[in-house]
Amino acid sequence: MRLANKLAIVTAAASGMGLAGVELFLREGAKVAAIDINEEALAALKGVARARGHDLVTIQADLSQPDQMRSSINEAAAALGGLDILWAHAGIPGPGGIENLDLAAYDRAIALNVTSAALAAGEAIKHMRKRGSGSIVFTASISGLVGSMFSPIYSAAKFAVVGLTKSLAQTFAPDNVRVNVVCPGLADTPMKIGFTGRSGDPTEAEANQARLLASVPMGRLCKAEEAAHAVLWLASDDASFVTGVALPVDGGFTAR
């Protein structure tokens, strides 16, 4: 097993890619703490994990709130008995444009996409230093590698996460802590409609998805499990000399 005896935290863990990551990390031998705002979904996830023979730690927190972000990481690390891996996955699409920008929606998007990642890493590094090594993986997006016409605020936030990754990879290298970021394409997860269908019009959502997929050489959506497997590799010792990498999981979109 690739994560045998590893202690791992996954944020935004109760659905989509985060959920796929929790399930994969457990199968690969890690002891896992799942953090999410949705208490009911966390309880369901814990029940499934228990039925499969895993003792999953679950913590409910609103990761847009700095105090809850910090405390949840420290609570999780304490429950695990340390920390080797952090997948800081929290994020939301945010506003679809900048005309008449809703500043409250903007602030929440920045808080979840950027600030939560920085705060999570800032707490995680303290625990990883005690272990003598570690791996931090952020979630960005292809929108953090190329500009998104649908989601300019999201794109700006994810470019920031990619920049944070490259900076922290250098900062934390002397601590033997690697920092990387996974950049999925449009994925078949509950968040998809937040990108393609902000207006609530199903026809528009279908048209936007078709436009995006026309630019994907492999011609389909990313699966949650495919993103989780990329994170597994970055988090594992198989990637022991890989740091500062923004890894696209995009069916060739950014290869154009």
Among the listed residues Ile98, Ile85, Ile73, Ile125, which satisfies the condition of being within 23 Å of Leu212 (Cα to Cα) and β-branched (Val, Ile, Thr)? Ile98
Among (1) closer than 30 Å to Ser148 by Cβ; (2) buried (at least 16 other Cβ atoms within 10 Å of the Cβ); (3) free of Cβ contacts under 8 Å to residues at least 60 places away in the same chain, the one test that Gly94 misses: (3)
Looking for whichever is over 21 Å from the mean Cα position of the chain (by Cα), at pLDDT 80 or above and either in a helix (DSSP H, G or I) or farther than 20 Å from Ala140 by Cβ (or both) here; the options are Glu206, Glu226. Which one fits? Glu206
Please work out which residue is farthest from Ala121 (Cα to Cα), limiting yourself to segment 23-73 and to residues that are in contact with a Leu (Cβ under 8 Å, 6 or more places away or on another chain) and charged (D, E, K, R). Arg52
Considering every residue within segment 70-86, establish whether at least one is assigned to a loop (DSSP other than H, G, I, E, B) and under 30 Å from Gly252 (Cα atoms). no
Looking at Val182, is it at pLDDT 95 or above and in contact with a Leu (Cβ under 9 Å, 6 or more places away or on another chain)? yes
Based on what the data block shows, is Val137 under 20 Å from Trp233 (Cβ atoms), β-branched (Val, Ile, Thr), in a helix (DSSP H, G or I) and within 17 Å of the chain's Cα centre (by Cα)? no
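Residue-by-condition table, conditions (1) in contact with a strand residue (DSSP E or B) (Cβ under 7 Å, 6 or more places away or on another chain); (2) crowded, with 17+ Cβ neighbours inside 10 Å; (3) farther than 15 Å from Ala118 by Cα:
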| residue | (1), (2), (3) |
| --- | --- |
| Val137 | yes, yes, no |
| Ser141 | yes, yes, yes |
| Tyr154 | no, yes, yes |
| Lys158 | no, yes, no |
| Thr171 | no, no, no |
| Cys183 | yes, yes, yes |
| Val216 | no, yes, yes |
| Arg220 | no, no, yes |
Residue selected from segment 52-66 under the condition closer than 12 Å to Asp36 by Cα and of a type in the set (A, V, I, L, M), by the criterion surrounded by the most Cβ atoms within 10 Å (Cβ to Cβ): Leu63
Tell me, yes or no, whether segment 6-21 has at least one residue that is more than 18 Å from the chain's Cα centre (by Cα), surrounded by fewer than 16 Cβ atoms within 10 Å (Cβ to Cβ) and either within 24 Å of Pro190 (Cα to Cα) or not hydroxyl-bearing (Ser, Thr, Tyr) (or both). no
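Among the candidates Ala41, Ala105, single out the residue that is at pLDDT 95 or above and part of a helix (DSSP H, G or I). Spell out the reasoning first.
Numbers: Ala105 fails: at pLDDT 95 or above.
Answer to the selection: Ala41.
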Quick one: which residue in Gly21, Gly53, Gly47 is within 30 Å of Ser155 (Cβ to Cβ) and of a type outside the set (A, V, I, L, M)? Gly21
Selection status of Lys6, more than 29 Å from Phe159 (Cβ to Cβ) and free of Cβ contacts under 8 Å to residues at least 24 places away in the same chain: no
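The values are calculated or read from the model by the stated rules, or taken from the named source; none is laboratory data. Just so it is clear, the model here is predicted, and its values are computed rather than measured. Cβ: placed from backbone, ideal geometry, glycine included. Neighbour counts: every protein chain shown.
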